[in-house]
Amino acid sequence: MKIQSVATPVHKPTPKAKTTESELVQDLVKQGDVTANADMTQLVKEYRASLAGEAPQQGYHSYEEMTAALHSLADRFPGQAEVVVLGQSAEGRDILALRVGTPDAERPKPGIVITGCHHAREWMTVEVPLHTATTMLENYSSDPASKQRVDNTVTWFVPMVNPDGYEYSRTTNSWWRKTRRPVSETGCPNLKASTGVDPNRNYWDGKPENFALYRPAGDTPCSTKDDFGGGKTSDNPRADTYRGPAGGSEPEVQAMLNLELNPANHIKGVLDYHSYGEMILYPYGSKELPADRLEIYRDIGSKINRSLGDRYDLKPSSDLYPTSGGSNDLHEANGIIGLTLEIGRSFQPDPSQIPATTAYITPANLVFIDEIAARYPQS
Ligand code: 0X9
Ligand code: ZN
């Protein structure tokens, strides 16, 4: 008997005619995908796989698998962890946090947020928060330092801030960066509708005094000619760095700000994972940090860097490239320590790299938690 293979239908974008290494590099440069510390060979390999619809999705958690992993941790450690729904994405997926540690309304513990996957294609950034949460909980009863962290802080792990974009990147176009909301109302007659907003350009807390962090002076609405950072924050809905039709317009950003700025949560630090570039970035992306704050960021940042073998570059976000509407700018403006870690040297390393990468990065999270706990002890 002949056994017929039943292949799962997968979407394959039409491969481009141009396939030489140098043409792919040119594409990547033109698209703004080549930044500091790129592993060009690996990046080109990933891009080529993306164009052929062959990105290595097996091994990275899907949204469903990530959801199951968080619930499994909450079930295994009911006294220490709980799954919390922060809000819904544009396509209606729950944006999930695993809250590790028990809040104490009488004597508030410092709140910490560790986020991954604002940007859809940055797959490893989902794995890092998941792995750190797992490690902290699994070591709870054997390692006094783990127990102390879990007991004395409340850490919210949000592995997938942008679940719609992530699933689209995993299944359809692995190079996708933004969210997936259809933006039909751009608010600008001259700008055509498109899909998706860059969530790391959309942050604004609704406070007039912080509006310039979303749209700096001189950047005119509906004009792409004066886009902040030379286009790295754009009013063009088709751009990969589209800031959205208004500050804080996107449900994913609203979900995060509702968590982070709610006084009841006592959030003192946010560590936001991105890829790639082996960098530790501190605010601002859109202006300069005052000296007293700079000192704190340099101190925490260098301790994180030590935990990474001093391999990372510690610098202001604006040194990478200036942007507005970035998460950390709004954290800093609200008195929260906000750092970005750009991990790795490409977007989608082979899944065989996941265990080594997450093990290497997890100490950075533990140092961050310890630093926040030391600076803002339980009151
Ligand atoms: O552009 C971003 O949002 C981040 N880089 S990424 O390649 N992951 O997209 C950098 C965020 C840090 N902020 C600024 N550079 N302003
Ligand atoms: Zn990113």
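The values are calculated or read from the model by the stated rules, or taken from the named source; none is laboratory data. Everything numeric here is computed off the predicted structure, so don't read it as measured data. Neighbour counts run over all protein chains shown; Cβ positions are idealised from the backbone, glycine included. The area values use the complete protein model at the heavy-atom level, side chains included, leaving out ligands, DNA and RNA. Shrake-Rupley method; radii C 1.70, N 1.55, O 1.52, S 1.80 Å.
Annotations for the structure displayed:
- Annotation for region 219-233: no member residue is basic (Lys, Arg), in contact (Cβ under 8 Å) with a residue 40 or more places away in the chain, surrounded by fewer than 21 Cβ atoms within 10 Å (Cβ to Cβ) and more than 16 Å from ligand 2 (Cβ to nearest atom).
- Filter pass, Thr323 being within 16 Å of ligand 2 (Cβ to nearest atom), among the β-branched types (Val, Ile, Thr) and under 15 Å from Val270 (Cβ atoms): no
- Among the residues of region 240-276, those identified as closer than 23 Å to Ser346 by Cα and either acidic (Asp, Glu) or surrounded by fewer than 21 Cβ atoms within 10 Å (Cβ to Cβ) (or both) are Asp240, Asp272.
- All conditions but one from (1) near ligand 1 (Cβ under 10 Å from one of its atoms); (2) among the polar types (S, T, N, Q); (3) outside any strand (DSSP E or B) apply to Ser302; the one that does not is (1).
- Residue match in region 278-290 (condition: away from ligand 1 (no atom under 16 Å from the Cβ) and not β-branched (Val, Ile, Thr)): yes
- Region 53-100: number of residues that are of a type in the set (A, V, I, L, M, F, W, C), within 28 Å of Asp350 (Cα to Cα) and open to solvent by less than 30 Å² (accessible area, probe 1.4 Å): 9
- Region 181-197 residues that are open to solvent by 30 Å² or more (accessible area, probe 1.4 Å), paired with ones that are in a loop (DSSP other than H, G, I, E, B) and among the charged types (D, E, K, R) (beta carbon under 6 Å, 6 or more apart): Ser194/Arg238
- Test: residue in region 280-287 that is over 21 Å from Asn210 (Cα atoms), touching a Pro at 6+ places or on another chain (Cβ under 7 Å) and open to solvent by less than 50 Å² (accessible area, probe 1.4 Å): no
- Which listed residue is in a loop (DSSP other than H, G, I, E, B), within 14 Å of ligand 1 (Cβ to nearest atom) and open to solvent by 10 Å² or more (accessible area, probe 1.4 Å), from Gly335, Gly344, Gly325: Gly344
- Meets criteria (at pLDDT 95 or above, within 16 Å of ligand 2 (Cβ to nearest atom) and assigned to a loop (DSSP other than H, G, I, E, B)) for Arg311: no
- Region 117-164: number of residues that are within 16 Å of ligand 2 (Cβ to nearest atom), more than 20 Å from Leu259 (Cα to Cα) and part of a loop (DSSP other than H, G, I, E, B): 4
- Check on Asp164, of a type in the set (Asp, Glu), more than 16 Å from the chain's Cα centre (by Cα) and either crowded, with 16+ Cβ neighbours inside 10 Å or more than 30 Å from Ser50 (Cα to Cα) (or both): no
- Qualifying position, being assigned to a loop (DSSP other than H, G, I, E, B) and within 19 Å of Pro163 (Cα to Cα), among Ala90, Ala69: Ala90
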